[in-house]
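This report refers to the structure that appears directly beneath it.
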Amino acid sequence: MPATGGTPQVLASVLSARGGSWGSRDVIIYSPDTGSGLWRINADGTAAAPFLTFGSQEEQTHRWPDFLADGEHFLYWAGNFSNSKDDRYSGIYLSSLDGKEKKLVVLCHSSLGYDAQHLYYADARRQLVSLPFDSHSGTVSGSPAVIANTVGVQPSTFWAALAVSENGTLIYNTGVGAVLSVLTWMDRSGKELVRIGEPGVIANPTLSPDGNRVVVDIADLKGSNVDLWLESTKGGGNTRFTFDPAEEVCGVWSPEGNLVAYRIAQEEGVSILAKRASGMEHETVLLKEDSINDFIPNSWSPDGKQLLLTVQTTFHYFLAVVPAVGGKPVPFLNTKSNETNGQISPDGKWVAYASDESGNWEVYVTSFPGAAGKWQVSRGGGSEPRWRGDGKEIYYMSPSGVLMAVAVGSDQGFTTGAPAPLFQIRGRAPISSTDAFTYDVAKDGKRFLVNRYVSPEHVAPLTILLHAAEGSAAQ
């Protein structure tokens with residue numbers, strides 16, 4: 001888009017992009033997805049192609065590239081999602097457009113910035129630090145110098161709130177913006193009934209079958225970790241459910257409410273685990289893959305024998321099932337389009353899901369266990385479908401964030417009524433590619449547990465450092 005304004009030009013399609021950089025040779029490099037190598041494209045939108053691939057099993061993502069002045073070399077973050085203290089791989093690397101060079105510059109879990117003489121990033125204590133940096137040799141020297149005691153970070157994306165210009169001007173923030181939310185019971189009119197727990201960096205609320213508990217992802221910004229917690233929906237407090245240093249997210253309850261299946265991303269790959277909700281036994285492995293694919297649990301079948309997943313590959317999402325006793329994923333719905341958020345109906349005969357086959361995201365229903373036939377549920381866009389407990393109503397999110405309700409029937413085939421708006425969700429904007437659901441619904445369809453955005457009492461200003469390595473600041 002012209003800096004003076006104008007019509008944006010689409011250069012490339014991405015699903016969960018993680019940064020890009022425009023070099024002096026009119027080449028743009030970018031990370032198109034959370035689990036892929038880097039791609040390049042000409043600034044006119046031609047010749048999009050991958051050029052930097054993974055070199056080892058420890059390497060699971062490339063992101064946040066930043067061209068050096070020569071337009072040939074660049075810095076980027078590469079690593080894995082294990083969050084291990086003895087991780088000796090994840091960090092900032094130097095490479096070039098021919099993709100042959102790949103050199104570790106510094107170990108860290110942060111995006112970066114640089115000027116003519118220094119490299120800037122967030123350290124393990126969330127401090128903004130700098131290191132003397134030689135852009136010609138791609139090497140650092142000396143010890144990290146603390147520029148600021150706190151800089152905003154996103155542990156799920158390895159992003160730090162900083163930007164640097166070539167002349168040494170640095171801009172950073174001590175926070176990361178609109179990340180806080182709180183679980184809130186709402187009625188069908190949008191009236192707030194009661195809040196559950198405290199505000200936090202929360203995602204993917206899923207109610208237990210009896211409605212007494214909710215499993216939810218909660219990020220620990222200080223510990224740079226994301227874990228599952230079990231919250232009482234009646235004000236009885238919360239309990240941490242997972243404890244691995246790696247990211248553990250997207251919990252879904254088994255039909256009896258005795259198990260929670262969830263996804264963990266470790267150094268050796270992504271796994272789907274199941275653990276007793278009592279927390280009294282070790283988890284069991286349902287799926288373990290060393291591929292670059294990600295697997296997001298969506299829902300259990302009512303008989304408890306299968307788990308429906310969204311499989312996230314580079315440029316493509318589709319639905320698959322895995323046996324509850326463990327095994328390989330079997331594609332359920334895998335087309336040229338993207339399919340996500342699969343929800344099996346309470347009677348086990350149907351699956352509601354979101355697809356972009358029309359060019360926009362819409363909610364559809366197909367049969368289960370075999371995907372035969374297709375019915376469009378939403379109108380004018382939709383995502384995040386949920387079923388009412390009796391299977392007679394489907395809810396979804398409109399593109400404008402309004403929660404919609406649609407009456408459905410399945411006595412003689414599948415039938416759908418006209419969508420009706422309920423209320424504006426005002427959920428927290430997605431951060432990670434694993435942020436799959438903003439809400440869940442009570443079985444009777446009269447209440448909704450919404451992950452509502454919480455506006456901060458104070459928005460931290462941007463801090464501008466002129467000649468950052470020398471430490472002069474202005475706000």
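Some notes on this structure:
- Criterion applied to Phe448, Phe437 was being outside any loop (DSSP other than H, G, I, E, B) and either within 22 Å of the chain's Cα centre (by Cα) or at negative phi (or both), and the one residue passing it is Phe448.
- Considering residues of the range 271-292 that are touching a residue at least 60 places away in the same chain (Cβ under 8 Å) and closer than 17 Å to Leu309 by Cα only, the residue surrounded by the fewest Cβ atoms within 10 Å (Cβ to Cβ): Asp290
- Hits in the range 17-69 - residues which are of a type in the set (Phe, Trp, Tyr) and assigned to a loop (DSSP other than H, G, I, E, B): Phe54
- Qualifying residue in the range 334-356 (condition: among the polar types (S, T, N, Q) and farther than 30 Å from Asp290 by Cβ): yes
- Qualifying positions in the range 395-411 - part of a strand (DSSP E or B) and under 15 Å from Met186 (Cβ atoms): Tyr395, Met397, Val402, Leu403, Met404, Ala405
- For the range 187-194, the criterion of being among the polar types (S, T, N, Q) and surrounded by fewer than 19 Cβ atoms within 10 Å (Cβ to Cβ) is met by at least one residue.
- Residues of the range 208-258 classified as outside any loop (DSSP other than H, G, I, E, B), closer than 21 Å to Asn341 by Cβ and more than 19 Å from the chain's Cα centre (by Cα), total: 2
- The range 115-174, subset among the polar types (S, T, N, Q) and outside any loop (DSSP other than H, G, I, E, B), residue nearest to Val226 (Cα to Cα): Gln154
- Filtered by the rule that a residue be of a type outside the set (A, V, I, L, M, F, W, C), more than 26 Å from Asn80 (Cβ to Cβ) and either in the same structural domain as Arg428 (by TED's automatic domain parsing) or in contact with a Gly (Cβ under 9 Å, 6 or more places away or on another chain) (or both), the range 144-171 gives a lone residue, Ser165.
- Subset of the range 238-266 (residues that are within 15 Å of Ala277 (Cβ to Cβ) and either without any contact (Cβ under 8 Å) to a residue 12 or more places away in the chain or among the small types (Gly, Ala, Ser) (or both)): Gly251, Ser254, Gly257, Ala261
- Looking only at the range 4-52, residues that are surrounded by fewer than 18 Cβ atoms within 10 Å (Cβ to Cβ), modelled with pLDDT of 90 or more and not small (Gly, Ala, Ser) come to 14 in all.
The values are calculated or read from the model by the stated rules, or taken from the named source; none is laboratory data. Everything numeric here is computed off the predicted structure, so don't read it as measured data. Note that we place each Cβ from the backbone using ideal geometry, even for glycine, and neighbour counts take in every protein chain shown.
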